[in-house]
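Undergrad: This is the structure, below, for whatever I ask next.
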Amino acid sequence: MPIHGRNHAVLWVRDLEVSARFYRDVLGLRVRAEIPGRAMFLTSPGSANDHDLGLFALGPGAGDTEAGTRTVGLYHLAWEVDTLGELARLRTALSEAGALVGFSDHTVSKSLYAKDPDGLELEVAWMVPEALVPGETGAGVAPLDLDAEIARYGPATLSRSVG
């Protein structure tokens, strides 16, 4: 049987409490289980998974990731939102947290990029409903004008994976 979906991701972090607070307060995940001082398991609202994100503590002496600069490794995790209104809300939350590092329009998705407290990159994306995707999508990436996309699609149009 081929792979048919993703279940969860696990990250090594310096400070468990700081990382959990970021994923909880900024992205809206909730702590589902904890091994005090060692690990936390978080879920997205409405998720049927035991956990969507595991955080494992390495401690304050952990070095920065060198993935993509000197070593191989994960580039980023991508999280989906239901609406462009939610993407706009997260733009504000990520900006206020000092975590927002970029925006991209991939034609088939509208994405924000951020870094968590350990500098690990994440993407938050709204997937354009299939019926609304322009005919020629290619593999291009353009700067995202989120306010213009909200004017085009509306703040409450459901993502392709939801609608």
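The values are calculated or read from the model by the stated rules, or taken from the named source; none is laboratory data. Note that the structure is a prediction, hence the values are computed from the model and not measured. When we count neighbours, we look across all protein chains shown, and the Cβ atoms used for this are built from the backbone with ideal geometry, even at glycine.
Undergrad: If I ask for residues that are among the small types (Gly, Ala, Ser), more than 30 Å from residue 60 (Cβ to Cβ) and assigned to a loop (DSSP other than H, G, I, E, B), which ones from the range 109-163 would you list?
TA: 135, 138, 139, 140, 154, 156, 159, 161, 163, listed by residue number.
Undergrad: OK, next. Working only within the range 16-32, note down all residues that are out of contact with any Leu (no Cβ under 9 Å at 6 or more places or on another chain) and surrounded by fewer than 18 Cβ atoms within 10 Å (Cβ to Cβ).
TA: Result: 17, 18, 21, 25.
Undergrad: Here is a further query. Read through the list (1) under 29 Å from residue 132 (Cβ atoms); (2) of a type in the set (Asp, Glu); (3) part of a loop (DSSP other than H, G, I, E, B), then give the number of the only condition that residue 50 fails.
TA: (1)
Undergrad: Which members of the range 53-73 meet the condition of being at positive phi and touching a residue at least 24 places away in the same chain (Cβ under 8 Å)?
TA: Within the range 53-73, 59 is the sole residue that qualifies.
Undergrad: Next up: When you look at residue 95, is it touching a helix residue (DSSP H, G or I) at 6+ places or on another chain (Cβ under 9 Å) and either polar (S, T, N, Q) or not assigned by TED's automatic domain parsing to the domain that holds residue 135 (or both), yes or no?
TA: For residue 95, the condition - touching a helix residue (DSSP H, G or I) at 6+ places or on another chain (Cβ under 9 Å) and either polar (S, T, N, Q) or not assigned by TED's automatic domain parsing to the domain that holds residue 135 (or both) - is not met.
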